[in-house]
Amino acid sequence: MNGTNEIAFRPLYQHVRDHLFARLIDGRWKPGMLLPSEQQLAGELGVGQGTVRKALDVLALENLLVRKQGRGTFVAFPEEGRLHFQFYRLRADDGEICLPESAVHSLARVRASAEAKDKLGLKRQAEVWEIERTRSLRGEVVTVEQIMLPAARFPGLDRLEEIPNNVYVLYATEFGQIVTRATERLKSVNAARHDCELLGCKRGAALLLIDRVAFGLDGAPVEWRVSRCTTEHFHYLSELK
């Protein structure tokens, strides 16, 4: 069966699911928002209420919506704890699980470098938000990070009172940019002078570099992050399933 026929024979509720999914991508439906009733959506889309119900059930199974008995259907909030441990992999050598604390050192809107444009799929004249921050575990600064965000996806970022510890929750709730997955590359590097100033390590000390690109619901990159970490008392944990 060719691709055209496969698309033609997709169940109607799958097409409705895709249509509703697009509202999550373009930010019309934001985390925590109560959706119109199934009856309202059915009338708007010109399909049966049962078709809408199936489409919403699929999105709920994908953890994008939350169905609350007697209250309606809501756009899911990113779960703070889950996101921390899904995307933050540093662990104490003694096995204790602890959340990092963050301190933002700078935030600026700048012309995207060639590498940033490549990582984020940006056009020639694009600008990015550049955030530098440190992260601490047990009161010890263990990570210095440079975070690059496409400025067009995060308008007014500099008007926020603060950049919270878990930026992925911020991305979703304030800008409708929901991170669904990320790719990481790890390598060993030597600490430069600026690293030493922020991490309190010696010049040339071995650091773990984590180069991450995070992707949104539409599959496009929404963040490029480079982290340099000390590992004297901590390690990077990856669980393979």
TODO: Compare the Cα positions of 194, 63, 160 along the charge dipole of the chain (+1 at Cβ of Lys, Arg; -1 at Cβ of Asp, Glu; about the Cα centre) and return the one farthest towards the positive end.
DONE: 63
Task: Cut-off under 5 Å, modelled amide H: who pairs with residue 223 long-range - done: 214
Open item on the list: Along the Cα→Cβ direction, 7 angstrom out, place labels at residue 188 and residue 235. What is the inter-label distance in nm?
Closed with: 1.5 nm
Task: Area accessible to solvent at residue 105, 1.4 Å probe radius, in Å² - done: 100 Å²
Task: Largest-first principal axis extents of the Cα set of region 152-198 (Å) - done: 37, 26, 20
Task: From the coordinates shown, Cα extents along the principal axes in Å corresponds to which of [x] 60, 39, 30; [y] 66, 45, 44; [z] 71, 55, 30 - done: [y]
TODO: May I ask you to list the trypsin sites (Lys or Arg not before Pro) in region 184-222 that are in a DSSP loop and have at most 11 other Cβ atoms within 10 Å of their Cβ?
DONE: 202, 203
Open item on the list: Could you tell me the center-to-center distance, by alpha carbons, between region 15-62 and region 164-241 in angstrom?
Closed with: 34 Å
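So, with a 1.4 angstrom probe, what is the percent of accessible area on the chain that is carbon and sulfur?
49 percent
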TODO: Can you find, among 216, 50, 141, the residue farthest towards the positive end of the dipole of the chain? Put +1 on the C-beta of Lys and Arg, -1 on that of Asp and Glu.
DONE: 50
TODO: Would you work out if region 26-125 is rounded, prolate or oblate? Take a ≥ b ≥ c from the square roots of the eigenvalues of the alpha-carbon gyration tensor; rounded if a/c is under 1.5, else prolate when a/b is larger than b/c, oblate otherwise.
DONE: oblate
Open item on the list: Report the Cα-based extents of region 168-241 along its three principal axes, largest first, to the nearest Å.
Closed with: 41, 31, 18
TODO: Would you mind working out the magnitude of the charge dipole of region 87-241 relative to its Cα centre, with +1 at each Lys and Arg C-beta and -1 at each Asp and Glu C-beta, to the nearest 20 Debye?
DONE: 580 debye
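The values are calculated or read from the model by the stated rules, or taken from the named source; none is laboratory data. As the structure is a computational prediction, the values presented were derived from the model and not from experiment. No Cβ is skipped: glycine too gets one built from the backbone with ideal geometry, and neighbour counts run over all protein chains shown. Calculation scope for accessible area: heavy atoms of the full protein, side chains included, ligands and nucleic acids excluded. Shrake-Rupley method; radii C 1.70, N 1.55, O 1.52, S 1.80 Å.
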